[in-house]
1. With the crude spin-label approximation of a point 7 Å out along Cα→Cβ, what separation in nm comes out for Phe306 versus Ala116?
2. Rounded to the nearest 20 debye, what is the charge dipole size of the chain about its Cα centre when +1 sits on each Lys and Arg Cβ and -1 on each Asp and Glu Cβ?
3. Over all alpha-carbon pairs in the range 222-298, figure out the percentage whose distance exceeds 20 Å.
4. For the chain, build the convex hull from the C-alpha positions and give me its volume per residue in Å³.
5. Under 8 Å for C-alpha pairs, at least 6 residues apart: give me the relative contact order for the chain, rounded to a whole percent.
6. Under 10 °C and 1.306 mPa s, how fast does the range 308-369 diffuse according to Stokes-Einstein, given a Kirkwood radius computed over C-alpha pairs? Answer in µm²/s, whole number.
7. Output the direction-averaged projected area (hull surface divided by four) of the convex hull of the alpha-carbon atoms of the range 352-485, in nm².
8. Please list, by residue number, everything in the range 379-423 whose backbone N is under 17 Å from a paramagnetic label point 7 Å out along Cα→Cβ of Ser299.
Amino acid sequence: MPALPLHFRSATELARLLRSGKTTATALLEDCLDQYKAHNKALNAVVVTDIPRAKKAARAADRRLKAGKPMGPFDGVPMTAKESFDMKGLPSTWGDPRFRDNIASTDAVAMQRLEAAGAVVYGKTNVPLMLADWQSYNAIYGTTNNPWDLARAPGGSSGGSAVALATGMSALEIGSDIGASIRNPAHYCGVYGHKPTWGVVPYQGHLLPGVVQPGDITVAGPLARSARDLATMMKIIAGPVGPEARGYALTLPPAPQKTLKEFRVAVMVTDEQSEVDLSVQDLLGKLTQFLGRRVKKLSTTARPAFTSKEAMDVYIALLRSATSRRQSDAEFAANSAKVAASDPRDDSYLTKMLRAYVLPHRDWLRYNERRHQMRLLWDQFFDDWDVMICPAAASAAFPHDHVGERHERKITVNGRPVPTTDQLFWAGYSGCFLLPSTVAPMGLTPEGLPAGVQIITRQYADYTAIRFAELLEREYAGFVPPPGY
């Protein structure tokens with residue numbers, strides 16, 4: 001198999017080539033910029049640039065590398081970042097016209113750490129309005145297209161991030177995830193993404209103006225073209241900052257497994273809360289067959305000791321409570337009136353969302369207590385299993401649909417239209433309970449669209465999920481460039 005062009009190779013390999021003197025940071029940056037110039041007009045992935053800053057950083061990296069004094073493992077490697085991460089002098093709008101003039105005065109902590117490790121950042125990538133969709137479009141920057149099919153969404157909210165990686169415009173990316181916003185785009189675009197354990201990656205500099213405290217569930221984490229890149233990037237960006245750093249240090253345990261034969265694997269292919277399209281189920285089934293002959297133990301029935309419906313209900317209550325502070329006073333009053341007038345037996349997503357938007361704190365405390373009881377049940381489950389593999393979403397990438405609100409839209413699953421919000425189940429099954437999960441490519445559907453497997457593991461065992469992804473990359477499937485790039 002011929003070697004991939006440089007702009008499609010992993011950041012780890014690019015760093016090795018840089019240290020060996022076989023290429024330069026300036027050349028790698030120009031390679032990414034060539035991809036940007038050739039393809040970004042059609043894709044609209046990179047929406048903000050500071051190329052002079054990047055070229056200056058690349059030249060500085062070349063001087064360090066020539067002197068044999070790299071700043072970090074990715075010194076000289078080009079990257080982009082999700083638009084919502086602050087970069088000094090550049091806008092952080094979250095796709096919302098109200099924040100069009102919000103120019104960052106400092107870099108986000110994660111960006112500081114990446115640049116301190118030598119990463120060369122040249123731009124920022126597109127997001128949906130307020131990071132709240134599995135599509136990436138907004139009134140400021142427009143619509144981002146999926147490189148596998150321009151008529152389809154790239155995922156969200158880190159949609160531009162995944163597209164930049166998949167098309168060689170960038171070698172590394174950083175995103176955020178409260179509702180699969182790292183995992184969903186990785187799945188739709190055929191790249192790798194890791195949703196860390198809640199709280200291990202600092203969120204400072206990825207907050208709306210005037211906000212200093214990160215919300216519930218949401219995390220920041222890496223996207224890349226290789227699982228190994230995810231692990232290295234986590235070592236750079238994870239760890240406390242500010243007052244917290246005075247009191248504790250983070251030590252994520254290394255993965256104890258070296259081979260697939262050491263893994264105990266639970267498999268979940270679909271669920272009544274979110275039926276999965278057969279095209280994705282078939283790919284997960286093929287992966288399960290492959291693993292059945294190679295892992296220590298495998299089960300298609302093992303589950304944590306709670307129902308999937310309860311997992312979904314608790315997640316929606318806590319997720320929509322976490323996003324409720326975006327409401328204006330008038331919106332809160334209107335939503336309160338709608339909830340008061342609703343049928344108590346109404347179990348629809350819209351009504352559950354509205355209830356969560358106006359949830360009394362006393363009720364929130366009850367949901368939160370149950371969440372943590374269920375988190376501990378997950379931990380007991382992982383006494384017997386190392387990872388659970390499951391879908392990242394209900395289908396491969398779906399066609400653009402910007403009509404109405406997200407809860408009103410439908411996607412096609414097994415030939416039937418279903419609410420797009422059903423697939424929040426696959427986001428919350430790990431996310432609600434603060435667990436890490438990695439998405440890794442597992443192949444193409446019959447339509448020629450990528451699909452990823454979600455690898456869930458216990459709290460703080462981030463490197464175990466990433467190790468499993470590394471082994472799949474080595475022995476089963478890895479990143480494949482979309483045709484034409």
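1. Taking the simple label geometry, Phe306 and Ala116 are separated by 3.6 nm.
2. 1340
3. 60
4. That works out to 146 Å³ per residue.
5. Details: 1086 pairs, mean separation 81.0, N = 485.
Dividing the mean separation by the residue count of the chain yields 17 percent.
6. Using the Kirkwood radius from Cα pairs, D works out to 134 µm²/s.
7. Approximately 11.0 nm², given one-decimal rounding.
8. 379-390
Read-outs: derived from the displayed coordinates by stated rules, not from any lab. The structure displayed is predicted, hence computed values, not measured ones. FYI the Cβ positions are ideal-geometry reconstructions off the backbone, even for glycines, and counts take in every protein chain you see.
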